[in-house]
Amino acid sequence: MQVDPEAQRLLEMPDEEYMNDAQLAFFRKRLLAEQAEVEAHLVEVRNAIADNERSGDELDRAAVEEELRLLLRQADRETRLLHKIRQTLRRIEDGGYGYCAETGQPIGLQRLLLRPTAELSLEAKERQERREHHFSKSRGDQ
């Protein structure tokens, strides 16, 4: 797997320099690019939804409704992602980016490179998922 040279440079920085200006600038740039990409795709999805609703021909209604349902789900997912990206950009500005919202410990560059919007360290995320799994089992969801 080819590693982005800029990301590799960040990974080579000493731990004491965690979330320095260069790292914050890297993630800000990456998040802004992802935000622009999601916004553009969301416009495409919304246009497809609007075009679908205006379709006046006698297409199979079940197929049209299924396509519309999938487009709405996609728009919902991307709207939530856009909100999460904007929250993450605010955390960069506020100085909390890169630190676990639960423990205050560093999330880690490896995790942030894979998921720049991560708010929890890997350990905290695993605990959260175990709690959610336990809760859903106790409710009988599974």
Next item on the list: Would you pull out the residues with amide H under 5 Å of TYR99's amide H, same chain only if 5 or more places away, H placed 1.01 Å from N?
Entry: ILE107
Next item on the list: Work out the length of the dipole vector of segment 5-139 about its Cα centre, built from +1 on the beta-carbon of each Lys and Arg and -1 on the beta-carbon of each Asp and Glu, and round it to the nearest 20 debye.
Entry: 560 debye
Checklist line | Summed side-chain charge close to LYS125 - residues other than LYS125 whose Cβ falls under 13 Å, Lys, Arg +1, Asp, Glu -1 | finding: -1
Note to self: Given R₀ = 25 Å, what would the calculated FRET efficiency be for ALA22 paired with LEU82, taking r from the Cβ atoms and rounding to 0.05?
What the structure shows: 0.45
Check: Quick one: length gained pulling ALA63 to ILE49 fully straight, 0.36 nm per residue minus the C-alpha distance?
Finding: 3.7 nm
Check: In nm, to one decimal, how far is the modelled label at ASP94 from the one at LYS29, with both set 7 Å along Cα→Cβ?
Finding: 2.6 nm
Checklist line | Cα shape, segment 5-139, gyration tensor, a/c 1.5 rule | finding: oblate
Notebook entry, point to check: Does anything in segment 112-129 have its amide N under 14 Å from the 7 Å Cα→Cβ label point of GLN105, and if so which residues?
Noted result: 120-128
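Each reported figure results from applying straightforward, stated rules to the coordinates on display, with no laboratory input. None of the values given here were measured: they were computed from a predicted structure. Positions of Cβ are backbone-derived with ideal geometry, glycine not excepted, and every protein chain shown enters the neighbour counts.
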